[in-house]
Amino acid sequence: MKFACDGKTRLVGIAVSLVIIAVGAILAFAVNPSGDPAVDPNTSGWILMLVGLAGLLLDILLWESWGPGYLRRRTAVYDEGAYPARRVVREPRRRTVVEDEVVDAPPGPPGPPPP
């Protein structure tokens, strides 16, 4: 199983398989059921360990660098002129023109009110 985040790919199959094996081992060896449980935790633990082991083996066999496709890989070599040259498009530079406006001084405050 792969999760992509920010263009990176992480493989989580091995980690999940190891967690399943660990949980199965805890259920198989460390849990002592009392009474007559409907589901036997020891049997569930062995089943989880087998499922985790099968997932681990499948993940290793289907791993990109070790899997069955490893022997069938081909290396592709391209000539120098196989791809056209990259075209660079440059937009004209923009200029900012600032024009200052000359404004006369505003009139002063109004005079005192008439008597």
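The table for this structure:
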{"read-out": "Residues of region 60-115 classified as under 30 Å from I14 (Cβ atoms) and either at pLDDT 75 or above or part of a loop (DSSP other than H, G, I, E, B) (or both), total", "value": "14"}
{"read-out": "Matching residues in region 38-59 - criterion: being surrounded by 11 or more Cβ atoms within 10 Å (Cβ to Cβ) and more than 22 Å from V12 (Cβ to Cβ)", "value": "D40, P41, N42, T43, S44, G45, W46"}
{"read-out": "Cβ pairs under 6 Å, 6+ apart, first in region 13-24 and more than 11 Å from W46 (Cα to Cα), second exposed (fewer than 15 other Cβ atoms within 10 Å of the Cβ) and at pLDDT 90 or above", "value": "none"}
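The values are calculated or read from the model by the stated rules, or taken from the named source; none is laboratory data. As the structure is a prediction and not an experimental result, all values here were calculated from the model. Glycine also receives a Cβ, built like all others from the backbone with ideal geometry; neighbour counts cover every protein chain displayed.
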